[in-house]
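The values are calculated or read from the model by the stated rules, or taken from the named source; none is laboratory data. Here the structure is a predicted model, which means the values were calculated and not measured. So basically every Cβ, Gly included, is an ideal-geometry build from the backbone, and we count neighbours across all protein chains shown. These area figures cover heavy atoms from the full protein model, side chains too; ligands, DNA and RNA do not enter into them. Shrake-Rupley method; radii C 1.70, N 1.55, O 1.52, S 1.80 Å.
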Amino acid sequence: MNLRSQWNGQFSRYDLVARTCDTGRSVVRVGEIEIGGGEFVVMAGPCSVESERQLLRTAEAVAEAGARILRGGAFKPRSSPYSFQGLGIEGLKLLRKARAATGLAIVTEVMSESDVDLVAEYADIMQVGSRSMENFALLEALGRCPRPILLKRGMTATLAELMQSAQVIAMNGNANIILCERGIRTFETATRNTLDIAAVPVLKTVSHLPVIVDPSHAAGVRCLVPVLAQAAAAVGADGLIVEVHPCPDEAWSDGEQSLPFDEFRKMMEELQAYLDFREKMREKDSTLRPHLVNAGGAR
Ligand code: PEP
Ligand code: MN
């Protein structure tokens, strides 16, 4: 038995999001941007929207460096009730301004099913955070939402559970879903989470949905973000979501893992070599899948 048939046993029941032998890949379209269509799409911006100046400066800097989508949390799922909880609707309005100023599309988190309609008025992509991956009432409401969904893997969720959550959204009518590996909890404490890099080729083998990586929340420290981004490019991810801040040491959330503008620009420049290499490999094997099947066969 090769790995693909082994995996298909685990995943094929999530039939709306699973990939069978002859299913093509899904492309999620956001205006002119195609996620999962071959281009490596970078979403970048602050963890939290803090002010107009902070957001607009960041939006301009990430757009100039090649990002296509601006991230920024307005509704923030903070582990501590004493931490900044987000600007809410004021943050959404600032995201709308940043879109008008730069042309970047917007991805922002929605935490509750009662906020879906509100967030959908401002967002181009609706983010489901790690802590909400199994908020089934939210997932059902997002199934009825006309916007694409960025579904982040729960920090203790298996890949089958991630697929199950994607299936819930799809069953309720919305199959425009992007999966996101953002690191999982393990015994390791040197990083905030453990980036499960294998999740990318596994998900791309068993699912037709695009898969992106969040190196920021995986690393927890900014010096590791570029190298994890390179790893994501090398294993075939369709893009990244990265935290960037004008002055990370003053950020209201996740400053330790946020890149200042110059480091983000350098990361983007250095990524190109990995993307070129990947393109060359693609000529031989477009999805890495046959390698995986062969590897499984040998086990
Ligand atoms: C975020 O994107 O800022 C965030 C809270 O991410 P996660 O849900 O992956 O922790
Ligand atoms: Mn964050």
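For the chain, what number of Lys pairs, 8 or more residues apart or on separate chains, have alpha-carbon atoms under 26 Å from each other?
For the chain, qualifying lysine pairs total 10.
Roll a 1.4 Å probe over the protein heavy atoms and report the accessible area of residue 280 in Å², nearest 10.
Probe radius 1.4 Å; accessible area of residue 280 about 130 Å².
Determine the sum of side-chain charges near residue 222: Lys and Arg each +1, Asp and Glu each -1, restricted to other residues whose C-beta is under 9 angstrom from that of residue 222. Present the calculation step by step, with values, prior to reporting the outcome.
Values: positive: none; negative: 243, 256, 263.
Charge balance in the 9 Å sphere: -3.
Using the Cβ atoms and a cut-off under 11 Å, what net charge is assigned to the surroundings of residue 88, where Lys and Arg are +1 and Asp and Glu are -1?
So the environment of residue 88 carries a net charge of 0.
Summing Lys, Arg as +1 and Asp, Glu as -1, what charge do residues with Cβ under 13 Å from the Cβ of residue 271 carry, residue 271 excluded?
Numbers: positive: 265, 266, 278; negative: 39, 263, 269, 270, 276, 279.
So the surrounding residues net to -3.
Can you sort 153, 53, 131 by 1.4 Å-probe accessible area, starting with the largest?
53, 131, 153
How much solvent-accessible surface does residue 247 expose, in Å² to the nearest 10, with a 1.4 Å probe and all protein chains in place?
That residue has around 50 Å² of solvent-accessible surface.
What is the distance in Å between the Cα centroid of the stretch 95-130 and that of the stretch 203-245?
The stretch 95-130 and the stretch 203-245 have Cα centres spaced 20 Å from each other.
Take each complete run of DSSP H in the chain, measure how far its Cα atoms stretch along the helix's own axis, and keep only those covering 15 Å or more with mean Kyte-Doolittle hydropathy at least -0.5; list them.
In the chain, the long hydrophobic H runs are 52-65, 89-102, 159-171.
Between residue 278 and residue 172, how high is the FRET efficiency from 1/(1 + (r/R0)^6) when r is the Cβ-Cβ distance and R₀ = 30 Å? Nearest 0.05.
0.30
Got the relative contact order for the chain handy, in percent, Cα pairs under 8 Å and 6 or more residues apart?
Once divided by the residue count of the chain, the mean separation gives 21 percent.
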